[in-house]
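*Asks:* Here it is, the structure in full.
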Amino acid sequence: MLAFRSVLFNALFYVNLIVQMIVFTPAYFLLPRKKAYVIAKNWARSNHWLFARIVGTTFEIEGLENIPDGSYIFAPKHQSFWDAYALLPWLDDPLYILKRELTWIPLFGWYIKKQRMVPVNRNARGKVMAAVMARTRAEMETGRQLIIYPEGTRRPPGAPPEYKYGIARLYRDLQVPVVPVVMHPGLFWPRRKFIRQPGHFKVIILPAILPGMDPDAFLAHLVEVMETASDRLLVETVEANPHLILPPTAVQRLAELKAQGSGQAEARA
């Protein structure tokens, strides 16, 4: 049944994407840019419904009160395709810096351009990157929220952290709060696998880090708060979903955390 439900969900997920993109295209391109975002946000909600009804996977969000008004950098853990779209309904006017090749995809690329996302050639340097930053800053000055994954790419649950310095540069240059977010959707929607696992997990939005810190100090602080919260949430999620088939990275990290806990208990004794 797990394989059947996974195949059914994956098929309906892409059917839902294609059908909605075609059906709502006239409305999307006639509406003002920001109002048109409701179509993408409703698509995300419909995917949550499919995930819950077909696979049996639900989630809750803690810490919505930590989201500030206006512009900020939204910095979530990135483990799955799920977290690429899932939180859109809770953000006012989100913005991505994304690889320019995505803008070349028919229809999908048009949707991206409509929302004034910032395309970038990942091999570019110098003046091109300066232009990307200038465009990002201009969008942020209108009150938008920049979604950046601090580790750059998807990482399996429990994997050793590999935070990129790029978020520290953005923090320094944009002078807006950074909102860290931890979650483990990769336990339920693993990267590069078709299996989708049932269960329930949390998304935790941590307190915003205000602008003004030294970039190096900021990055060290970001890693500490996110990894501490992520470890705690990994243990909680696995305990709440004992049926999960865990990736090797999660198994190893849980063993490390258990050993650390035992060592601390012995030291206190």
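*Asks:* Using a Förster radius of 30 Å, what is the FRET efficiency between D214 and V235 based on their Cβ-Cβ separation? Nearest 0.05, please.
*Replies:* The pair D214/V235 has a calculated efficiency of 0.40.
*Asks:* Counting only protein chains, not ligands or nucleic acids, how are I54, I22 ordered by accessible area (probe 1.4 Å), most first?
*Replies:* Heavy-atom accessible area, descending, gives I22, I54.
*Asks:* What is the extension gain from K41 to I61, computed as 0.36 nm multiplied by their sequence separation minus the C-alpha to C-alpha distance, in nm to one decimal?
*Replies:* Going from the current span to full extension adds 5.6 nm.
*Asks:* Oh, and also: Measure off 7 Å from each Cα along the Cα-to-Cβ vector at H221 and N16, then give the distance between these two points in nanometres to one decimal.
*Replies:* 3.8 nm
*Asks:* May I ask you to derive the relative contact order of the chain, considering only C-alpha pairs under 8 Å and at least 6 residues apart, and to give it as an integer percent?
*Replies:* That works out to 25 percent.
*Asks:* Between the range 139-192 and the range 65-123, how many Å separate their Cα centres?
*Replies:* Taking the Cα centre of the range 65-123 as reference, the centre of the range 139-192 is 11 Å away.
*Asks:* Identify the chymotrypsin sites (Phe, Trp or Tyr not before Pro) of the range 123-219 meeting these criteria: DSSP loop state and at most 14 other C-beta atoms within 10 Å of the C-beta.
*Replies:* Those that pass, being in a loop and sparsely packed, are Y165, F194.
*Asks:* For a quick check of understanding: with a 1.4 angstrom probe and all protein chains in place, what accessible area in square angstrom does D216 have, to the nearest ten?
*Replies:* Rounded to the nearest 10, the figure is 90 Å².
*Asks:* Sort R253, R192, R154, R135 by accessible area with a 1.4 Å probe, largest first.
*Replies:* R192, R135, R154, R253
*Asks:* Something else now. Among S46, S71, S80, whose mean-square fluctuation peaks in a Gaussian network model of the chain (Cα, cutoff 10 Å)?
*Replies:* Highest fluctuation of the listed residues: S46.
*Asks:* Something else: What is the ratio of the Cα radius of gyration of the chain to 2.2 N^0.38 Å, with N the residue count, to two decimals?
*Replies:* In units of the globular-protein estimate, the chain measures up at 1.05.
*Asks:* Could you work out the helix-only [θ] at 222 nm for the chain, with each DSSP H run of four or more residues adding -39,500 (n - 2.57) and the total divided by the number of residues, to the nearest 500 deg cm²/dmol?
*Replies:* Computed mean residue ellipticity for the chain: -15500 deg cm²/dmol.
*Asks:* Could you give me the radius of gyration and the Dmax of the range 18-77, taking only the C-alpha atoms into account and expressing both in angstrom?
*Replies:* 14.9, 36
*Asks:* A further question follows. Say a site is exposed when it is one of the GluC sites (Glu not before Pro), sits in a DSSP loop, and has at most 16 other Cβ atoms within 10 Å; what is then the longest site-free stretch of the chain?
*Replies:* Answer from the scan: 1-140.
*Asks:* Could you give the length gained on full extension between L102 and I245, defined as 0.36 nm per residue of separation minus the Cα-Cα distance, in nm?
*Replies:* 48.2 nm
*Asks:* Which value, in debye to the nearest 20, gives the size of the charge dipole of the chain about its Cα centre, when Lys and Arg are +1 and Asp and Glu are -1 at the Cβ?
*Replies:* About 1260 debye.
*Asks:* Taking the solvent-accessible surface of protein heavy atoms with a 1.4 Å probe, what is the per residue accessible area of the chain in Å²?
*Replies:* 51 Å²
*Asks:* Shifting gears a bit: Expressed as a rounded percentage, what relative contact order does the range 6-75 have, with Cα pairs under 8 Å and six or more residues apart?
*Replies:* Normalised by residue count, the contact order of the range 6-75 is 36 percent.
*Asks:* Further question on the same structure: Give me the percent relative contact order of the range 4-128, please, defined on Cα pairs under 8 angstrom at least 6 residues apart.
*Replies:* 25 percent
*Asks:* Just the projected area, averaged over all directions, of the convex hull on the alpha carbon atoms of the range 80-123: how many nm²?
*Replies:* Taking the Cα atoms of the range 80-123, their convex hull projects to 3.6 nm² on average.
*Asks:* What percentage of the solvent-accessible surface of the range 133-261, computed with a 1.4 Å probe over protein heavy atoms, is contributed by carbon and sulfur atoms?
*Replies:* 58 percent
The values are calculated or read from the model by the stated rules, or taken from the named source; none is laboratory data. Quick caveat, the model's predicted, so the values are computed rather than measured. With ideal geometry, Cβ positions are generated from the backbone for all residues, glycine too; neighbour counts draw on all protein chains shown. The protein model used for the area step is the full one, side chains on, heavy atoms only, and it has no ligands, DNA or RNA in it. Shrake-Rupley method; radii C 1.70, N 1.55, O 1.52, S 1.80 Å.
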